[in-house]
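Comments concern the structure below.
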Amino acid sequence: MIVSSLCLRPRCTMASRLLLLPALLLLFCGSVRPISFQLSPNGRKCLREEIHKDVLVTGEYDVSEPHGQGQVRLKITDSSNHILYSKEDATKGKFAFTTEEYDMFEVCFESKHPAGAGRAPDQMVVLNMKHGVEAKNYEEIAKVEKLKPLEVELRRLEDLSESIVNDFAYMKKREEEMRDTNESTNVRVLYFSIFSMCCLMGLATWQVFYLRRFFKAKKLIE
């Protein structure tokens, strides 16, 4: 994430974070470009993305017409293999779901081509996914709540600002977790180093006394 790479440094103050808000507004408000790729017969391609908790995710897909009896299956799962959306004969459509936990989500397109049907050309798959503020339909919200154009833009900016604040809160939490992990690791390394030194000193002392008794038994020393 671009934001995390900019604001996880120790010298990144609140003032510098506030200076990033205009850039973030432009980043989030920019148009979302769809992803397109070629899917070979009996091939499988998956896209993964990390998404926060309680975030609306929407998507549109368009698969080119298959040649012969082949078809494409679309399946969206989380890291626990829970199916969030599934379509056996996916040609063109939309999907939407709301995340329950921060997780890694996987969108898979799988081509099923019958054997003996000959060589078929690759199919073009176009996928356009949106989440968070991008996924909300503000035109529909304006119709339901009877909002004016200026009120709709204010609602959009309010949601965008809330999303940015939540991202900062998540990064702060991750930074605290990483700091706690580093401190815990440093303490364990310190204790292990002390234990190793004690073991080495004990082994050296034992070797001195053992060799002294051995030499005395051989009457090499008094």
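Okay, here's what the table says:
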{"item": "Set of aspartates and glutamates near Lys148 by C-alpha distance (under 19 Å), chain-local residues within fewer than 8 positions excluded", "result": "Glu139, Glu140, Glu158, Asp159"}
{"item": "Residues of the range 88-139: accessible area per residue with a 1.4 Å probe, Å²", "result": "57 Å²"}
{"item": "Rounded percent of accessible protein surface that carbon and sulfur make up, the range 54-155, 1.4 Å probe", "result": "49 percent"}
{"item": "Prolate/oblate/rounded label for the range 60-214 (Cα gyration tensor, a/c 1.5)", "result": "oblate"}
{"item": "Hydrodynamic radius by Kirkwood, which averages 1/r over all alpha carbon pairs of the range 136-192, in angstrom", "result": "14.5 Å"}
{"item": "Greater than 21 Å apart at Cα, pairs in Lys45/Lys94; Lys92/Lys146; Lys45/Lys112; Lys45/Lys75; Lys92/Lys130", "result": "Lys92/Lys146"}
{"item": "Additional length obtainable on full extension of the chain from Leu220 to Asn81, 0.36 nm per residue less Cα span", "result": "42.7 nm"}
{"item": "Summed residue charge, Cβ within 14 Å of Ser111's Cβ, Lys/Arg positive, Asp/Glu negative", "result": "+2"}
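The values are calculated or read from the model by the stated rules, or taken from the named source; none is laboratory data. From a predicted model like this one, the values you see are computed outputs, not experimental measurements. With ideal geometry, Cβ positions are generated from the backbone for all residues, glycine too; neighbour counts draw on all protein chains shown. Accessible surface is based on the protein model in full, side chains and every heavy atom, while ligands, DNA and RNA are left aside. Shrake-Rupley method; radii C 1.70, N 1.55, O 1.52, S 1.80 Å.
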